[in-house]
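The values are calculated or read from the model by the stated rules, or taken from the named source; none is laboratory data. As the structure is a computational prediction, the values presented were derived from the model and not from experiment. Here Cβ is always computed from backbone atoms with ideal geometry, including for glycine, and neighbour counts include all displayed protein chains. Ligands, DNA and RNA are stripped out before the accessible areas are found, and what is left, the full protein with its side chains, is counted by its heavy atoms. Shrake-Rupley method; radii C 1.70, N 1.55, O 1.52, S 1.80 Å.
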Amino acid sequence: MRHAECLAAALFACAALPAAAQVSVGGSVDVATDERRRGISWSEGKLAPSASLSLQLPSGFDIGARVTGLRESPRAGGADAVIDGSLGYGMDLGMGFRGEGFVVAHLFTGARGGMDYVEGGLGLSYQLGPAQIGADARYAPSQSAIGGDNLYVSARAQFGLPATPYTFNASIGHSSGSVDDPLRAARLRPGGNYSDWLIGVRRITGPLTLGLDYSGTDVRRAMPSPYADARNSGDRLTARASFSF
(Lines give C-alpha, C1' and ligand atoms only; values in the text may rest on other atoms or scores of the structure.)
Protein backbone atom coordinates (compact mmCIF):
# COMPACT_ATOMS: atom_id res chain seq x y z
CA MET A 1 0.00 0.00 0.00
CA ARG A 2 1.32 3.45 -0.88
CA HIS A 3 2.13 6.13 1.70
CA ALA A 4 -0.94 8.26 0.93
CA GLU A 5 -3.23 5.23 1.02
CA CYS A 6 -1.89 4.13 4.42
CA LEU A 7 -2.49 7.55 5.96
CA ALA A 8 -5.91 7.86 4.35
CA ALA A 9 -6.93 4.47 5.76
CA ALA A 10 -5.76 5.43 9.27
CA LEU A 11 -7.58 8.76 9.18
CA PHE A 12 -10.77 7.16 7.83
CA ALA A 13 -10.72 4.60 10.62
CA CYS A 14 -10.46 7.34 13.24
CA ALA A 15 -13.15 9.44 11.56
CA ALA A 16 -15.47 6.43 11.69
CA LEU A 17 -15.42 6.31 15.50
CA PRO A 18 -18.86 6.54 17.15
CA ALA A 19 -20.27 10.01 17.67
CA ALA A 20 -20.15 9.38 21.40
CA ALA A 21 -16.37 9.49 21.20
CA GLN A 22 -16.66 13.24 20.44
CA VAL A 23 -13.81 13.31 17.97
CA SER A 24 -13.02 16.86 16.86
CA VAL A 25 -12.11 17.15 13.17
CA GLY A 26 -10.33 20.13 11.61
CA GLY A 27 -8.22 20.98 8.63
CA SER A 28 -6.95 23.65 6.28
CA VAL A 29 -5.95 24.41 2.72
CA ASP A 30 -2.83 26.58 2.36
CA VAL A 31 -0.51 28.10 -0.19
CA ALA A 32 2.90 29.67 0.48
CA THR A 33 5.44 31.34 -1.77
CA ASP A 34 8.05 28.92 -0.36
CA GLU A 35 7.94 25.84 1.89
CA ARG A 36 10.54 26.76 4.50
CA ARG A 37 11.32 24.60 7.52
CA ARG A 38 13.95 25.51 10.09
CA GLY A 39 15.09 28.33 7.82
CA ILE A 40 15.79 26.23 4.71
CA SER A 41 13.59 25.71 1.66
CA TRP A 42 12.03 22.34 0.95
CA SER A 43 10.46 23.53 -2.33
CA GLU A 44 13.56 25.19 -3.81
CA GLY A 45 12.00 28.64 -3.46
CA LYS A 46 8.90 27.69 -5.47
CA LEU A 47 5.19 28.10 -4.68
CA ALA A 48 4.06 25.35 -2.30
CA PRO A 49 0.39 24.38 -1.88
CA SER A 50 -0.63 22.17 1.05
CA ALA A 51 -3.64 20.63 2.77
CA SER A 52 -4.01 19.21 6.27
CA LEU A 53 -6.45 17.20 8.34
CA SER A 54 -6.39 16.62 12.10
CA LEU A 55 -8.41 14.53 14.53
CA GLN A 56 -8.49 15.51 18.21
CA LEU A 57 -9.52 12.67 20.52
CA PRO A 58 -11.08 13.21 23.98
CA SER A 59 -8.23 11.25 25.55
CA GLY A 60 -5.74 14.00 24.66
CA PHE A 61 -4.33 12.21 21.63
CA ASP A 62 -4.37 13.78 18.20
CA ILE A 63 -3.72 12.38 14.73
CA GLY A 64 -2.77 14.55 11.78
CA ALA A 65 -1.71 14.46 8.16
CA ARG A 66 -0.37 17.26 5.96
CA VAL A 67 0.39 17.00 2.24
CA THR A 68 2.71 19.64 0.72
CA GLY A 69 3.76 20.04 -2.89
CA LEU A 70 7.56 20.15 -3.28
CA ARG A 71 7.79 20.58 -7.05
CA GLU A 72 10.45 17.86 -7.60
CA SER A 73 12.76 19.33 -4.98
CA PRO A 74 16.38 18.06 -5.18
CA ARG A 75 16.58 18.29 -1.37
CA ALA A 76 13.98 15.52 -1.23
CA GLY A 77 15.39 13.37 -4.01
CA GLY A 78 13.11 14.85 -6.67
CA ALA A 79 9.94 14.25 -4.65
CA ASP A 80 6.81 15.97 -5.88
CA ALA A 81 5.20 16.02 -2.42
CA VAL A 82 5.78 15.23 1.24
CA ILE A 83 3.18 13.70 3.56
CA ASP A 84 3.73 14.53 7.23
CA GLY A 85 1.82 12.02 9.35
CA SER A 86 1.77 12.72 13.08
CA LEU A 87 0.58 11.21 16.33
CA GLY A 88 0.66 13.38 19.45
CA TYR A 89 -0.49 13.65 23.02
CA GLY A 90 -1.02 16.87 24.95
CA MET A 91 -2.20 17.74 28.44
CA ASP A 92 -2.69 20.82 30.58
CA LEU A 93 -0.24 20.87 33.48
CA GLY A 94 -1.89 23.69 35.39
CA MET A 95 -0.86 27.29 36.10
CA GLY A 96 -1.01 28.07 32.36
CA PHE A 97 1.44 25.35 31.33
CA ARG A 98 0.82 22.68 28.70
CA GLY A 99 3.03 19.77 27.68
CA GLU A 100 2.98 17.61 24.58
CA GLY A 101 4.79 14.72 22.95
CA PHE A 102 4.63 13.66 19.32
CA VAL A 103 6.01 11.42 16.57
CA VAL A 104 6.12 12.56 12.93
CA ALA A 105 6.76 10.47 9.82
CA HIS A 106 7.92 12.39 6.74
CA LEU A 107 6.97 10.40 3.63
CA PHE A 108 8.13 11.64 0.22
CA THR A 109 6.14 10.69 -2.87
CA GLY A 110 7.98 10.24 -6.16
CA ALA A 111 11.39 10.48 -4.47
CA ARG A 112 14.49 8.66 -5.64
CA GLY A 113 16.67 6.71 -3.25
CA GLY A 114 14.63 6.36 -0.04
CA MET A 115 14.02 9.82 1.45
CA ASP A 116 11.50 8.91 4.21
CA TYR A 117 12.45 9.48 7.84
CA VAL A 118 10.87 9.68 11.31
CA GLU A 119 11.39 12.02 14.26
CA GLY A 120 9.87 12.49 17.70
CA GLY A 121 9.70 15.38 20.08
CA LEU A 122 8.57 17.06 23.29
CA GLY A 123 7.17 20.54 23.82
CA LEU A 124 6.28 22.81 26.73
CA SER A 125 4.30 26.05 26.48
CA TYR A 126 2.97 28.72 28.82
CA GLN A 127 -0.13 30.81 28.10
CA LEU A 128 -0.86 34.16 29.72
CA GLY A 129 -3.77 36.00 28.14
CA PRO A 130 -2.98 36.71 24.47
CA ALA A 131 0.70 35.79 24.90
CA GLN A 132 2.30 32.38 24.68
CA ILE A 133 5.89 31.23 25.00
CA GLY A 134 7.26 27.74 24.49
CA ALA A 135 10.21 25.46 23.87
CA ASP A 136 10.51 22.29 21.80
CA ALA A 137 13.01 19.52 21.14
CA ARG A 138 12.81 17.20 18.12
CA TYR A 139 15.07 14.21 17.57
CA ALA A 140 15.44 12.03 14.49
CA PRO A 141 17.44 8.89 15.33
CA SER A 142 20.16 7.78 12.94
CA GLN A 143 18.61 6.91 9.56
CA SER A 144 20.18 6.44 6.15
CA ALA A 145 17.73 8.94 4.61
CA ILE A 146 19.25 11.80 6.61
CA GLY A 147 22.83 10.53 6.81
CA GLY A 148 23.01 10.24 10.62
CA ASP A 149 20.88 11.60 13.42
CA ASN A 150 19.47 15.09 13.94
CA LEU A 151 18.52 17.14 17.01
CA TYR A 152 16.55 20.36 16.74
CA VAL A 153 15.88 22.57 19.78
CA SER A 154 13.89 25.77 19.57
CA ALA A 155 12.15 28.53 21.52
CA ARG A 156 9.09 30.40 20.33
CA ALA A 157 6.78 33.25 21.30
CA GLN A 158 3.39 34.43 20.08
CA PHE A 159 1.32 37.49 20.92
CA GLY A 160 -2.18 38.38 19.77
CA LEU A 161 -2.71 42.13 19.64
CA PRO A 162 -5.93 42.81 21.62
CA ALA A 163 -8.96 44.12 19.69
CA THR A 164 -7.23 43.51 16.33
CA PRO A 165 -7.03 40.53 13.94
CA TYR A 166 -3.22 40.53 14.14
CA THR A 167 -0.96 37.97 15.81
CA PHE A 168 2.82 38.25 15.94
CA ASN A 169 5.18 35.31 16.32
CA ALA A 170 8.91 34.69 16.57
CA SER A 171 11.16 31.66 16.97
CA ILE A 172 14.81 30.69 17.12
CA GLY A 173 16.28 27.21 16.79
CA HIS A 174 19.48 25.20 16.45
CA SER A 175 20.13 22.01 14.45
CA SER A 176 22.91 19.56 15.29
CA GLY A 177 23.71 15.88 14.97
CA SER A 178 26.11 13.15 13.91
CA VAL A 179 27.13 12.45 10.31
CA ASP A 180 27.35 9.00 8.73
CA ASP A 181 26.81 10.13 5.13
CA PRO A 182 27.78 13.80 4.47
CA LEU A 183 25.71 13.98 1.27
CA ARG A 184 22.50 12.86 2.98
CA ALA A 185 23.19 14.80 6.20
CA ALA A 186 23.19 17.98 4.11
CA ARG A 187 19.44 17.55 3.59
CA LEU A 188 18.67 18.83 7.10
CA ARG A 189 21.99 20.56 7.84
CA PRO A 190 23.31 22.02 4.55
CA GLY A 191 26.18 23.82 6.27
CA GLY A 192 26.71 21.48 9.19
CA ASN A 193 25.28 22.48 12.59
CA TYR A 194 23.47 25.80 12.26
CA SER A 195 20.94 28.20 13.82
CA ASP A 196 17.76 29.65 12.32
CA TRP A 197 15.25 32.36 13.19
CA LEU A 198 11.84 33.62 12.15
CA ILE A 199 9.68 36.70 12.74
CA GLY A 200 6.13 36.71 11.41
CA VAL A 201 2.73 38.34 11.48
CA ARG A 202 -0.72 36.83 10.89
CA ARG A 203 -4.02 38.51 10.06
CA ILE A 204 -6.86 36.20 11.10
CA THR A 205 -10.40 36.96 9.94
CA GLY A 206 -12.72 34.02 10.46
CA PRO A 207 -11.42 30.95 8.59
CA LEU A 208 -9.00 33.02 6.47
CA THR A 209 -5.45 33.67 7.66
CA LEU A 210 -2.93 35.80 5.76
CA GLY A 211 0.69 35.78 6.88
CA LEU A 212 4.13 37.14 6.17
CA ASP A 213 7.34 35.63 7.59
CA TYR A 214 10.94 36.79 7.58
CA SER A 215 13.27 33.85 8.19
CA GLY A 216 16.97 33.14 7.90
CA THR A 217 19.93 31.03 9.02
CA ASP A 218 23.61 31.42 9.75
CA VAL A 219 24.49 28.94 6.97
CA ARG A 220 27.19 30.56 4.88
CA ARG A 221 28.28 27.73 2.64
CA ALA A 222 26.44 24.54 1.83
CA MET A 223 28.23 21.20 1.73
CA PRO A 224 28.86 19.89 -1.81
CA SER A 225 25.78 17.68 -2.09
CA PRO A 226 22.92 17.10 -4.53
CA TYR A 227 20.61 17.57 -1.51
CA ALA A 228 21.83 21.01 -0.42
CA ASP A 229 21.72 24.47 -1.95
CA ALA A 230 22.98 27.48 0.01
CA ARG A 231 20.85 29.80 -2.14
CA ASN A 232 17.77 28.41 -0.46
CA SER A 233 18.96 28.67 3.15
CA GLY A 234 19.47 32.45 3.41
CA ASP A 235 17.22 35.29 4.56
CA ARG A 236 13.86 35.39 2.82
CA LEU A 237 10.33 36.79 3.02
CA THR A 238 7.56 34.22 2.68
CA ALA A 239 3.90 35.08 2.14
CA ARG A 240 1.13 32.59 2.89
CA ALA A 241 -2.64 32.24 2.89
CA SER A 242 -4.68 29.62 4.73
CA PHE A 243 -8.35 28.68 4.83
CA SER A 244 -9.29 26.54 7.82
CA PHE A 245 -12.38 24.46 8.51
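Worth a mention:
- Candidate residues Phe97, Phe245: accessible-area rank, largest first, probe 1.4 Å: Phe245, Phe97
- Surface per residue (accessible, 1.4 Å probe) for the range 140-245, Å²: 51
- Whole-percent carbon and sulfur share, accessible surface of the chain, 1.4 Å: 65
- Summed side-chain charge close to Tyr89 - residues other than Tyr89 whose Cβ falls under 13 Å, Lys, Arg +1, Asp, Glu -1: -2
- Over the range 52-176, all Cα pairs binned in 5 Å intervals from 0 give whole-percent P(r) values of 2, 10, 14, 16, 20, 17, 10, 6, 3, 1, 0, listed from short to long.
- Summing Cβ point charges (Lys, Arg +1; Asp, Glu -1) relative to the Cα centre of the range 73-194 gives a dipole of roughly 260 debye.
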